[in-house]
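First the structure, in the form of structure tokens, and then the observations on it.
The values are calculated or read from the model by the stated rules, or taken from the named source; none is laboratory data. This structure is a prediction, so every number in the text was calculated from the model and none was measured. Cβ atoms come from the backbone with ideal geometry, glycine included; neighbour counts cover every protein chain shown.
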Amino acid sequence: MLTPDDVERYRETGYLVVADVLERETLAELKRVTDEIVAGAAGITEHTDVLDLEPTHTPAEPRVRRIKRPHLAHPFFRDLAGHAGIMAVLEPLIGPDIRLRAGGKVNMKSPGYGAPVEWHQDWAFYPHTNADVLAVGILLDDMTADNGPVMFLPGSHRGDVYDHHSYDHDGASPLGAFCGAINLDKHPIDLSSACEVYGTAGSITVHDARLVHGSAMNRSDAPRRILFYEYAAADAWPLAGVESMRDFEEFNGRIVHGEPTLEPRVEPVPVRMPLPIAKFQGSIYENQRTLDTSFFNHDPDRRDAPMMNEEVSR
Ligand SMILES: O=C(O)CCC(=O)C(=O)O
């Protein structure tokens, strides 16, 4: 259960870490199911609907970057999305009626090469009719200073929605194309107060969909796997084109707590649509390939170099 101070801190900073939310057996099962799905990467050459691969993946030496839409990949993940401990944390933040988003992922961040994620706001991918939208990160491993912890920029959820478009690749329209990462050339945001977040396996992070966040490559010997579920208040509806509602049964089938509604709550939230769609599809890592200037070092062969590329570190 969150205290009123926890809720206040969440409203102020845009994120929280809650320790030991998963029971020991649930965490063990989460790791087992994750390993089982990742084992499916042996022998494959291309990304699939379930697995997103590191650029250095080979069929003989499989390297998985992400399990996509885990709630569709295994019934365990669908059940875990409604975990009573997670719901107890979310209810004071976004109310009792809660829908799981159609996305979600397990970001694998394997030892030695697990990929960075460039700075972004989830809201840029999926704006809704109101701001009661957030993501929960369930730690499969201890997250430490060494294994590519998530970094959050406190308070940034109350500011602008930044440009997540790139402009200089072949065939880009005058509006550019969505690239899933903040254009730091256009918005030289002060990232010096960004906080690395640590926690033990079985703990959860919670962050507001508008919070600026990212993470560096995992250069350590320890894995850093996080299962991210994205949730919205049942009356926060995805804006047209962001998520299909044509299969309304499926849409409402993702209510994990409380009741669905036919009356979206519409509030004056800032919106930039993630359109035209990103040139590379399938995952945030693919979307971010067309970012004009990357912030993080993406080269596992240079893992002793600074984690932020020198020419852009500010
Ligand atoms: O895995 C991480 O470090 C951050 C992930 C993230 O923000 C995302 O995949 O949207």
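The table below gives the values:
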item	result
Filter result for the condition that a residue is crowded, with 20+ Cβ neighbours inside 10 Å and closer than 29 Å to Leu72 by Cβ, over Pro260, Pro264, Pro276, Pro238	Pro238
Conditions (1) of a type in the set (A, V, I, L, M); (2) crowded, with 18+ Cβ neighbours inside 10 Å; (3) under 23 Å from Leu27 (Cα atoms); (4) more than 14 Å from the ligand (Cβ to nearest atom): number failed by Met87	(2)
Cross-chain or 6+ apart pairs with Cβ under 6 Å, segment 197-219 first and under 17 Å from Tyr162 (Cβ atoms), then in a loop (DSSP other than H, G, I, E, B) and near the ligand (Cβ under 10 Å from one of its atoms)	Arg210/Gln121; Val212/Gln121
Matching entry among Glu243, Glu230 (being within 16 Å of the ligand (Cβ to nearest atom), touching an Asp or Glu at 6+ places or on another chain (Cβ under 9 Å) and touching a residue at least 60 places away in the same chain (Cβ under 8 Å))	Glu230
Test: residue in segment 233-240 that is at negative phi, assigned to a loop (DSSP other than H, G, I, E, B), modelled with pLDDT under 95 and of a type outside the set (Lys, Arg)	yes
Among the candidates Leu140, Leu134, Leu191, Leu153, residue that is of a type in the set (A, V, I, L, M), at pLDDT below 95 and within 16 Å of the ligand (Cβ to nearest atom)	Leu191
Cβ-Cβ under 6 Å pairs, at least 6 apart or on other chains, segment 268-292 side closer than 17 Å to Lys186 by Cα, far side aliphatic (A, V, I, L, M) and assigned to a loop (DSSP other than H, G, I, E, B)	Arg272/Val161; Gln288/Ala181; Leu291/Ala181
Residue within segment 17-27 that is under 23 Å from Glu196 (Cβ atoms), assigned to a strand (DSSP E or B) and among the aliphatic types (A, V, I, L, M) present	yes
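One line per residue, one yes/no per condition, for (1) hydrophobic (A, V, I, L, M, F, W, C); (2) assigned to a loop (DSSP other than H, G, I, E, B); (3) more than 23 Å from Leu30 (Cβ to Cβ):
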| residue | (1), (2), (3) |
| --- | --- |
| Ala201 | yes, yes, no |
| Val206 | yes, no, no |
| Gly214 | no, no, yes |
| Ser220 | no, yes, no |
| Arg224 | no, yes, no |
